[in-house]
Amino acid sequence: MGHCSQVTSSLPAAQADLAGADSYVIFLTGQPVGREEVAVTREPDGWVLRGSSRVSPPIATTVRRVEVHYDANWRPRSLSLEGAIQDKEVGLETTFADGKATNILKEDDATTEKIDDVSADAVVLPNVFFGSYAALAARLVDATPGTEIKAYIAPQAEIPIVVVAVADERIDTPKRAFTAKRFTLTFRNPSGELTTNLWIEPNGRFVRLSVPAQTLEIARDDVASAA
């Protein structure tokens with residue numbers, strides 16, 4: 001496992017216009033299995049990412065409501081999520097303060113508390129909601145190979161994500177053509193490294209996510225229809 005000589009954390013370009021709402025299609029082994037709605041809102045004290053999703057089996061998850069609050073520099077403040085996983089009702093309330101993530105997790109009638117160490121500038125990526133990658137996209141705007149970003153896989157643990165490569169890629173859709181940045185990323189999970197590709201527009205808007213090892217793909221509506 002190579003060591004990155006250049007390890008820095010990236011913040012988005014100040015001019016990046018990230019606010020907006022998009023719909024995404026989720027594919028598993030090339031077949032559409034679900035949809036997500038994602039909205040990013042700029043507020044006086046920071047950013048709010050909101051969304052919902054419905055994914056059929058074998059993933060079988062429904063997120064009725066998710067809300068992630070960040071400050072103006074994309075440092076996390078709170079996460080709130082309600083939904084169901086494999087027919088089990090789940091709820092998660094997470095607050096970020098003083099280097100800790102405090103999770104209150106509800107599964108059916110059981111409630112547990114879990115506290116993890118977390119970096120002040122971690123990106124919050126709950127496993128059940130891919131739209132949360134809109135925040136990672138915002139953080140990657142000016143990232144270069146070797147950049148490391150911390151991600152909190154709520155409510156499990158914090159992991160490093162390392163930028164391996166960055167390339168420009170032309171994307172043709174029914175309405176327009178544009179150039180996206182494709183980031184090849186390594187997720188350094190405790191169970192092993194996972195390669196992921198993330199496409200973003202130059203302003204930081206989340207376009208597409210591909211996890212080859214899991215035959216998983218998430219694509220914005222315009223890109224999904226082009227494919």
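For this structure, a couple of remarks:
- Long-range amide H partners of D71 with built H, under 5 Å: W47, R77
- Within a Gaussian network of the chain (alpha carbon springs, distance under 10 Å), most fluctuating of A135, A122, A213: A213
- Label-to-label distance, nm, for residues given as D45 and T184 (7 Å Cα→Cβ offset): 4.2 nm
- For the chain, the 222 nm mean residue ellipticity estimated from helices alone, with every DSSP H stretch of n ≥ 4 adding -39500 (n - 2.57) and the total spread over all residues, rounds to -1500 deg cm²/dmol.
- Summing +1 for each Lys or Arg and -1 for each Asp or Glu among the other residues whose beta-carbon sits under 15 angstrom from that of G30 gives 0.
- Based on the Stokes-Einstein relation at 10 °C and a viscosity of 1.306 mPa s, and on the Kirkwood radius from alpha carbon pairs, segment 15-59 is assigned a translational diffusion coefficient of 131 µm²/s.
- Rel. contact order, % - alpha carbon contacts under 8 angstrom, at least six apart, segment 62-146: 21 percent
- Accessible surface for the chain, divided over its residues, is 47 Å² per residue with a 1.4 Å probe.
- Dividing the mean sequence gap of close Cα pairs (under 8 Å, 6+ apart) by how many residues the chain holds gives a relative contact order of 18 percent.
- Three-way shape label, segment 74-177, alpha-carbon gyration tensor, a/c 1.5: oblate
- Pairs of lysine residues in the chain - Cα separation under 17 Å, sequence separation of 8 or more or cross-chain: 4
- Rounded to the nearest 20 debye, the dipole size of segment 171-227 about its Cα centre is 160 debye, using +1 on the Cβ of Lys and Arg and -1 on the Cβ of Asp and Glu.
- Contour minus Cα-Cα distance for A60 and T144 (0.36 nm per residue): 26.7 nm
- Accessible carbon and sulfur surface of the chain relative to its total accessible area, %, 1.4 Å: 50 percent
- Equivalent ellipsoid dimensions for segment 7-125 as semi-axes, Å, which come from the Cα gyration tensor, largest first: 25, 21, 13
- For segment 126-227, projected area of the alpha-carbon convex hull averaged over all directions, nm²: 6.3 nm²
- Applying 1/(1 + (r/R0)^6) with R0 = 22 Å to the Cβ-Cβ distance of D222 and A165 gives a FRET efficiency near 0.35.
- Rounded if a/c under 1.5, otherwise prolate or oblate - the chain, Cα gyration tensor axes: rounded
The values are calculated or read from the model by the stated rules, or taken from the named source; none is laboratory data. Note that this is a predicted model, so its numbers are computed, not measured. Here Cβ is always computed from backbone atoms with ideal geometry, including for glycine, and neighbour counts include all displayed protein chains. Areas reflect the complete protein model, heavy atoms only, side chains present, ligands, DNA and RNA absent. Shrake-Rupley method; radii C 1.70, N 1.55, O 1.52, S 1.80 Å.
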